[in-house]
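Below is one structure; the comments refer to it alone.
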């Protein structure tokens, strides 16, 4: 800034004051407004349109929502699908987070420091391959005469054949396989951020390894665990592919033979191409997600206050 | 590391678990590659011998290859535009302070937090209105939104490592601001830009649900695979899968060289 003072003819300018500020941010701002905010507003608005002779007509009618909620738990069963979705998403997030946390811990504590990067890289490598293709592969692995069952048959264990395909368990396997690499990175980074001195201090003050884990490492990775779990819930709620390909559309679970809500939106649109109703269904999903996340934040906040 | 020492049973369990996790992660990929070279009509054991017939079928049929071509037009284009937008924005975020910066940054990350299913329905509503839906161009427009946020995050990580004195020196020596950006900042950010492009490319390459809603009769590869899949089991999917897996391996090697040092190699995050 001292240079500016020497050229007294020019007005004072700081590095923060430059035309580049506007020019460099404008492309992002414009693209986001036109192709992100506008579609979202459209989504909310189209939910109130009506359909006449297979054409969407701008309107402000509550017809779509009335239609959807009129048979929420009976004929159309959107409500039951929503419950199925929440059940699948929460259990998936639970298992995916715990299993990935164990992987992240293993990399951080059971692998020599100079091999850790390679170990992490191998763990996340499958993420870069196509999700649809991985689901197809799981389909051939889990199906009735698929890879696992044919191996069991070879060993004369045909009685123990698994029957997972077209259940929500298969849906969860596909989702966990998709989520695990991302969660492992989130959790590994949050474990790396823990100060090693704290762990050493706990050990030297007489903690067993298990105590050092439960009293130092686990509380300090809470934020990472929360982030990972919420991310897993959002992705699972919004994913239709695993439910369609591995769950077979309407996979069985404890709740019953029901599709997830996301699969239902997809099949609803492809069978009716009724965009206003699809938009209304998507809007309901947004509301449910916001509520689920808010509930999660409140619960996390309460837990933090109790422990501190 | 004090916790790693001889005779610690947890080390054994940790490595065992890591082995199981690797097996789980790689099982589908191994199956995909293995059965793309096997005569079995339905993947399973016993193996029926080596063949290239599924690759033959893939190349003579053309539907999936067409879709791969579509994807190879859309994804590089979207990744390039997104990376350019992201670089300029990352530079501005890194250098300037202004009101509403936090809000703006939050808004940028929103597209990856909102499920693509919802975005897909929204995009379709807008694009159908302006008669753009059902084209590859529509997929391009929407993918740029989706992949700008991760690209921005990567480039920001890199720019945060740049000492402010570097730019100040260039200004002192008489470079204009634009010259400084082109001749000093851009070369410094290059690893970040390269990593961001690869990440953006991968996200676009793999994106399914938005493309399913807006691509219409010009499907991208994931959409085409999906429509083959719901029709019947077809082993040429194994063949295209193996090819796609090869592409991903190349991207992965590029990312390993660039992205991981940025993520876990002690970045100084204070800008």
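Applying the set (1) without any contact (Cβ under 8 Å) to a residue 24 or more places away in the chain; (2) closer than 28 Å to residue B:137 by Cβ to residue B:23 leaves exactly one unmet item: (2). Only residues that are farther than 19 Å from residue A:183 by Cα and either in a helix (DSSP H, G or I) or in contact (Cβ under 8 Å) with a residue 40 or more places away in the chain (or both) were counted in region A:117-171, giving 26.
Output yes when any residue across region A:151-172 is closer than 18 Å to residue B:41 by Cα, within 33 Å of the chain's Cα centre (by Cα) and within 8 Å of chain B (Cβ to nearest Cβ), and no when none is. Within region A:151-172, one or more residues are closer than 18 Å to residue B:41 by Cα, within 33 Å of the chain's Cα centre (by Cα) and within 8 Å of chain B (Cβ to nearest Cβ). Scanning region A:26-44 for residues that are free of Cβ contacts under 8 Å to residues at least 40 places away in the same chain and surrounded by fewer than 18 Cβ atoms within 10 Å (Cβ to Cβ) returns A:26, A:27, A:29, A:30, A:33, A:34, A:37, A:38, A:41. Working only within region A:252-267, note down all residues that are buried (at least 19 other Cβ atoms within 10 Å of the Cβ) and not in a loop (DSSP other than H, G, I, E, B). Correct list: A:261, A:262, A:263, A:264, A:265, A:266.
The single condition among (1) assigned to a helix (DSSP H, G or I); (2) in contact with a helix residue (DSSP H, G or I) (Cβ under 9 Å, 6 or more places away or on another chain); (3) away from chain B (no Cβ under 14 Å) that residue A:72 does not meet is (1). Within region B:229-243, the set of residues being in a helix (DSSP H, G or I) and either touching a helix residue (DSSP H, G or I) at 6+ places or on another chain (Cβ under 6 Å) or at pLDDT 85 or above (or both) comprises B:229, B:236, B:237, B:238, B:239, B:240, B:241, B:242, B:243. Once region A:52-67 is narrowed to residues that are at pLDDT 80 or above and in contact with a helix residue (DSSP H, G or I) (Cβ under 6 Å, 6 or more places away or on another chain), the residue that is surrounded by the most Cβ atoms within 10 Å (Cβ to Cβ) is A:64. Here residue B:2 clears all of (1) more than 7 Å from chain A (Cβ to nearest Cβ); (2) modelled with pLDDT under 85; (3) loosely packed, with under 14 Cβ neighbours inside 10 Å except the condition numbered (1). For the criterion of being assigned to a helix (DSSP H, G or I) and surrounded by 24 or more Cβ atoms within 10 Å (Cβ to Cβ), residue A:236 passes. Pairs are defined by a Cβ separation below 7 Å, a sequence spacing of at least 6 or placement on different chains, a first member in region A:6-21 that is within 9 Å of another protein chain (Cβ to nearest Cβ) and part of a loop (DSSP other than H, G, I, E, B), and a second member that is at pLDDT 55 or above and surrounded by 10 or more Cβ atoms within 10 Å (Cβ to Cβ); the pairs so defined are A:15/B:95; A:16/B:96; A:18/B:177.
Could you please find all residues in region A:38-62 being facing another protein chain (nearest Cβ under 8 Å) and under 30 Å from residue B:87 (Cα atoms)? Hits for region A:38-62 are A:38, A:39, A:40, A:42, A:43.
Inclusion of residue A:294 among residues that are farther than 25 Å from residue A:171 by Cα and within 21 Å of the chain's Cα centre (by Cα) is warranted. Here residue B:184 fits the description: over 22 Å from residue B:135 (Cα atoms) and either without any contact (Cβ under 8 Å) to a residue 40 or more places away in the chain or outside the structural domain of residue B:112 (by TED's automatic domain parsing) (or both).
Looking at residue A:190, is it touching a residue at least 24 places away in the same chain (Cβ under 8 Å) and either under 25 Å from the mean Cα position of the chain (by Cα) or surrounded by 16 or more Cβ atoms within 10 Å (Cβ to Cβ) (or both)? So residue A:190 passes the test.
Candidates in region A:119-150 are the residues that are under 23 Å from residue B:201 (Cα atoms) and more than 7 Å from chain B (Cβ to nearest Cβ); of these, the one that is nearest to the chain's Cα centre (by Cα) is A:127.
Taking the criterion of being more than 9 Å from every other protein chain (Cβ to nearest Cβ) and more than 30 Å from the chain's Cα centre (by Cα), the residues of region B:39-52 that qualify are B:39, B:40, B:41, B:47, B:48, B:49, B:50, B:51. When B:127, B:113, B:146 are checked against the criterion of being over 15 Å from residue A:34 (Cα atoms) and within 10 Å of chain A (Cβ to nearest Cβ), B:113 stands alone in meeting it.
All of (1) crowded, with 24+ Cβ neighbours inside 10 Å; (2) over 27 Å from residue B:238 (Cα atoms); (3) away from chain A (no Cβ under 11 Å) hold for residue B:79 with one exception: (2). Is one or more of the residues making up region A:282-304 more than 8 Å from chain B (Cβ to nearest Cβ), assigned to a loop (DSSP other than H, G, I, E, B) and at pLDDT 85 or above? So far as region A:282-304 goes, no, none of its residues is more than 8 Å from chain B (Cβ to nearest Cβ), assigned to a loop (DSSP other than H, G, I, E, B) and at pLDDT 85 or above.
The values are calculated or read from the model by the stated rules, or taken from the named source; none is laboratory data. Remember, it's a predicted structure, so these values are computed and weren't measured experimentally. Neighbour counts run over all protein chains shown; Cβ positions are idealised from the backbone, glycine included.
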